[in-house]
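The values are calculated or read from the model by the stated rules, or taken from the named source; none is laboratory data. Quantities reported herein were computed from a predicted structural model and do not represent experimental measurements. Backbone-built Cβ (ideal geometry, glycine too); neighbour counts: all protein chains shown. Surface areas here come from the heavy atoms of the whole protein model, side chains and all, with no ligands, DNA or RNA. Shrake-Rupley method; radii C 1.70, N 1.55, O 1.52, S 1.80 Å.
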Amino acid sequence: MRTWRNKFIFLLIVYFAGFATAIYCLAPVTDKSYPSDKKGFAHSAVKSDEFAKSFNIKMREYLDYGKDAAHRAGVYLKQKDG
């Protein structure tokens, strides 16, 4: 019974993350956000590529931290049991 609830909550999180991403990509930009010579789709694409790269780097850091924490927890639990 619990597995379908977890799947449903996971799907809701993914859905709303996609929705938030769409809103972020489609939101209007004020004139003060960018210098006047860098307006337009090309700059927007470059800006989103930069965001994707920085997001990817941070996500990899967090995944590495999570793997390290899981490894340390496993070692600790083995020592407790042994």
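Residue by residue through the stretch 28-73, note down the ones that are farther than 24 Å from ALA17 by Cα and modelled with pLDDT of 90 or more. Correct list: ASP68, ALA69, ALA70, HIS71, ARG72, ALA73.
Close contacts from the stretch 15-28, counting a first residue that is at negative phi and a second that is of a type in the set (Ser, Thr, Tyr) and open to solvent by less than 60 Å² (accessible area, probe 1.4 Å), with Cβ to Cβ under 8 Å and a gap of 6+ residues or different chains, come to CYS25/SER48.
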